[in-house]
Amino acid sequence: MSTIRDTDSSRIYTLDVIRGVAVMGILAMNIVGFALPEAAQFDPRSIGMDSLADRLSWLVDFLFLEGRMRGLFSFLFGASMLLVIERADAGGQDSARIHFARMVWLLLFGLLHFYLIWWGDILAVYAMVGMIAWFFAYRSTTGLLQWGILLVFAQAAIEVQGLFADHLFEEPAYPSSPLAGSIDLYRGGFLEIAAFRIREQLFYPFLGLFTYGWETLGYMLLGMAALKSGILDGKCPRDLYVRIAAFGLGIGLPVYALLAWAQLSANFSEASIRTWNTAATVPVRPIMILGYAALIILLCRQHGPFTERIAAAGRAAFTNYLGTSLAMTFLFYGWGLGWFGTMNRAALWLVVLPMWALMLLWSKPWLDRFRYGPFEWLWRSLARWEVQPMRKTEKAA
């Protein structure tokens with residue numbers, strides 16, 4: 001097992017910074033799903049907004065964010081999960097009981113998030129996949145690496161099989177509900193939206209376990225391997241991080257640029273989206289994710305005021321993730337300001353940037369005074385079935 005780190009002072013700073021970057025990047029990727037019909041995620045033409053600015057915005061998302069931010073978050077989730085298990089074992093506690101209690105409560109949070117707040121929840125799948133990941137926690141670094149790679153390729157095989165099935169049965173890859181109906185729904189009231197989720201999408205959170213759970217588990221195991229190897233501590237030689245970053249970005253960015261060109265050339269046909277956006281990106285994503293992690297570690301080796309704020313956002317990632325959903329649905333859904341479908345893709349950056357600023361502004365002052373973010377404290381208290389000390393002046397149990 002890797003070195004135990006069981007106090008606030010021994011937190012892995014680089015882990016917090018990477019997690020902070022990931023939770024901010026997830027907002028930049030998810031903003032389209034908050035503000036526009038689902039089809040717009042893959043095709044900027046689908047809602048009649050096809051300016052050069054919109055295409056450039058799609059290009060930035062596809063080249064740098066799409067899939068990578070979720071993957072980076074999954075990577076960090078696996079590493080953090082291993083830390084919790086290590087700390088429990090080091091303290092003579094039942095690590096299995098603690099881990100599974102955390103995952104059960106996370107599943108409940110995820111289901112409430114999906115049914116009551118936003119359809120793009122990832123917490124429920126993380127909880128279910130996290131339960132499976134526990135059975136790999138005591139494997140060697142090499143074993144975790146092998147299983148992680150195998151699972152990513154299993155995801156790629158599933159996507160390729162889906163391509164053949166679509167071709168055989170001539171089914172559209174992304175059938176979308178009428179845009180007007182989608183806009184009317186999300187400009188409606190809270191109860192109307194929640195009723196739709198329960199009535200029409202009751203099992204959606206569980207389907208994610210089978211559609212992208214293989215890849216998610218693979219990323220979690222790769223994150224565990226990176227933690228056990230010591231790479232995530234940020235203490236390896238600088239040259240190693242340079243090589244990893246150069247390898248990951250040197251391969252990933254040109255491949256993604258080629259895949260973007262293929263979709264643009266095909267004018268975002270359903271076949272091109274399914275082939276070049278969904279299937280072809282699977283084996284390339286983990287390479288870029290590792291490159292991103294190494295690059296972030298290189299950039300934050302010196303603790304500066306800005307990286308301190310990103311690290312704080314990462315320590316409160318659970319609160320920032322759920323808080324973002326509450327803020328964005330208030331802005332775009334009918335129970336709030338009702339902006340859904342009113343802004344083009346490029347203009348959504350005017351929402352993303354202030355939300356990033358808010359994450360950076362509140363997280364550090366809060367964590368200077370308190371041990372955890374609000375939702376982190378609630379999750380920890382529920383999982384341990386004991387109210388946890390919140391203020392830093394309180395004595396830890």
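For Phe210 and Thr342, FRET efficiency with R0 = 41 Å and r from the beta-carbon atoms, rounded to 0.05?
0.70
Within a 10 angstrom radius of the beta carbon, how do Arg384, Arg345 rank from fewest other beta carbons to most?
Exposure proxy ranking, most exposed first: Arg384, Arg345.
Given the Cα-Cα distance of Val84 and Phe164 and 0.36 nm per residue of separation, how much length would full extension add, in nm?
Taking Val84 through Phe164 to full extension adds about 24.7 nm, to one decimal.
In deg cm²/dmol and to the nearest 500, what is the mean residue ellipticity at 222 nm of the chain if only DSSP H runs of at least 4 residues count, each as -39500 (n - 2.57), divided by the residue total?
For the chain, the value works out to -22000 deg cm²/dmol.
Please give, to one decimal in nm, the separation of the simple spin-label points placed at Leu150 and Trp366, each 7 Å out from Cα toward the Cβ.
Rounded to a tenth, the inter-label distance reads 4.0 nm.
With a point put 7 Å past each Cα toward its Cβ, work out how far Ala157 is from Glu192 in nm, to one decimal.
Modelled inter-label distance: 4.6 nm.
Set Lys and Arg Cβ to +1 and Asp and Glu Cβ to -1, take the dipole of the chain about its Cα centre, and tell me which of Ile18, Phe62, Gly252 lies farthest positive.
After comparing all options, I get Ile18.
What is the gain in length, in nm to one decimal, between Ile132 and Val104 on full extension, counting 0.36 nm per residue of separation less the C-alpha to C-alpha distance?
Separation in residues times 0.36 nm, less the Cα-Cα distance, equals 8.9 nm.
Of Asp54, Asp94, Asp121, Asp184, how do they rank once you tally other Cβ atoms within 10 Å and put the fewest first?
Asp94, Asp184, Asp54, Asp121
When a/c reaches 1.5 or more, the comparison of a/b and b/c decides; with that in mind, is segment 187-332 rounded, prolate or oblate per its Cα gyration tensor?
Taking the square roots of the gyration eigenvalues as a ≥ b ≥ c, segment 187-332 is oblate.
Once the piece of chain linking Asp184 and Glu38 is laid out straight, how much longer is it, given 0.36 nm per residue of separation minus the C-alpha distance between them?
51.2 nm
Rank the residues Val32, Val84 as a footprinting-exposure proxy: fewest other Cβ atoms within 10 Å of their Cβ go first.
Ordered by Cβ neighbours within 10 Å, fewest first: Val84, Val32.
Laboratory data are not the source of any read-out in this text; all were calculated from the coordinates shown. Here the structure is a predicted model, which means the values were calculated and not measured. Cβ: placed from backbone, ideal geometry, glycine included. Neighbour counts: every protein chain shown.
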